[in-house]
Structure formats: structure tokens, C-alpha cells
Amino acid sequence: HEMNYHVRVDAETSYSFLSRPGVFGYGFYDEGARALTEVMELETGQRVLDLGCGVGTNGILAARQVGPTGFVAFADSNVRAIALAELNAQAIGLTSYQTVATHTLTEWPDASFDVVLANPPYYAHGSIIRLFIERSKALLRTGGTLYLVTKQVHAAEPIMLEHFPEPTLFENRGYVIFRTQKV
């Protein structure tokens, strides 16, 4: 039951993503992920972590922006998702990336990334949102940026404010995206 779906990147470019049952975003580009990628601002050469990567759409779109001198790590607790992120990254031709199946997000040293793109599962307990925010703070370099997309603002905001000062909130496509920097 594999399904491919396409994501229009710009007027000339469309990427195809392989998806399978049991992985978030099976058969479609999630609107929350789309909302996040529409507001993210990345620079050439940055190191990006796609946290809760699913099939890898956010990280692959980020890789396009950070270019060949950048790096993208894909992280998810779902082994099937990591396998698909790996296949999709290879199919697009990414060369500077890593895929990691993890429940703890402790596989990288602190201050390893310039940007974290976080898409926590909406159905999950608030402990996953907390894990994503706390580990993002540790994994970001000083001045690094966290983007977190959610519909659970009431659950995410107090945790965000514990760890990051003055996040900016964007509303896009019915989702809220927090953007904040590590000081």
C-alpha cells in the first residue's frame, strides 16, 4: 500500500514523496508541515534537525534552502518513518544528511544544530511536546532557532515559555507555529 504524493516547491520544482501506512502523513502532505515550511527562514550552510520527521518532507524542503554545504538530520520514534525519510532523501539526491530512530533525542551532542523544525504528534500526551522543546533547547547552538508547529497551543505555550524567551507565534493554515531563538 505504498503511496506517492507530490509537493510543489516552486514554479519549476515538484518533489515526490514515498509514504506507507503507519507513518504520519500517509498519502498526503500534512497541512501542519506545510504551514511550518512556509514560515521557516533558513540560510545556506545551516545544520537543521527535522524532529518528528515522518516521511521527511520538512527536512528535505529545508535541505533545499541550506544547500549542499548544509546538513539535515531526520529524527522520529517510528522506525518505518525513518526508513521512508532515508528513501526520500536518497531519491531527491541529498548527500549531507542523517536519519535516526530515537525516543530520547540524545544521539547528538548539545549545540549541534542551527535550526530545529519540530512537528510533535497532536494526539500524543504533552510529554512529547515537552521532550521536543527541552531537547531542542539543548540541541540548538546559541542564537539557533526553533520552529514548532501545533494545534495544541494551550499545551505547548507554557512549556515553550519555560525554556525560551518571547516566542513569536504565526498562524498559518489553521496551525500555530512558534518561532524562538536560544539565548
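The values are calculated or read from the model by the stated rules, or taken from the named source; none is laboratory data. Note that the structure is predicted; figures quoted are calculated from it, not measured. For neighbour counting, all protein chains shown are included, and Cβ atoms are generated from backbone atoms with ideal geometry for every residue, glycine included. Note: accessible area is taken over every heavy atom of the protein model, side chains too, but ligands, DNA and RNA are not part of it. Shrake-Rupley method; radii C 1.70, N 1.55, O 1.52, S 1.80 Å.
Data overview
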{"read-out": "Between 0 and 90°, nearest 10: helix 126-139 axis offset from the chain longest Cα axis", "value": "90"}
{"read-out": "Accessible area expressed per residue, the chain, with surrounding protein chains retained (probe 1.4 Å, Å²)", "value": "46"}
{"read-out": "Protection proxy ranking, peptides 7-17, 65-75, average beta carbon neighbours within 10 Å, highest first", "value": "65-75, 7-17"}
{"read-out": "Segment 10-20 - phi-based ³J(HN,Hα) in whole Hz, Karplus 6.51/-1.76/1.60, Gly and Pro as x", "value": "7, 4, 9, 10, 9, 9, 9, 10, 7, 9, 9"}
{"read-out": "Efficiency of FRET between Ser14 and Glu162 - r from beta-carbon atoms, R0 45 angstrom, step 0.05", "value": "0.65"}
{"read-out": "Distribution of pairwise C-alpha distances over the chain, 10 Å bins, in %", "value": "10, 42, 39, 10, 0"}
{"read-out": "Whether segment 1-42 is rounded, prolate or oblate, judged on the alpha carbon gyration tensor where a/c under 1.5 counts as rounded", "value": "oblate"}
{"read-out": "Measure of compaction for segment 1-93 (Cα Rg per 2.2 N^0.38 Å)", "value": "0.99"}
{"read-out": "Fraction of accessible area attributable to carbon and sulfur, segment 95-183 (%, probe 1.4 Å)", "value": "52"}
{"read-out": "Unit charges on C-beta of K, R, D, E only; dipole of the chain, Debye", "value": "180"}
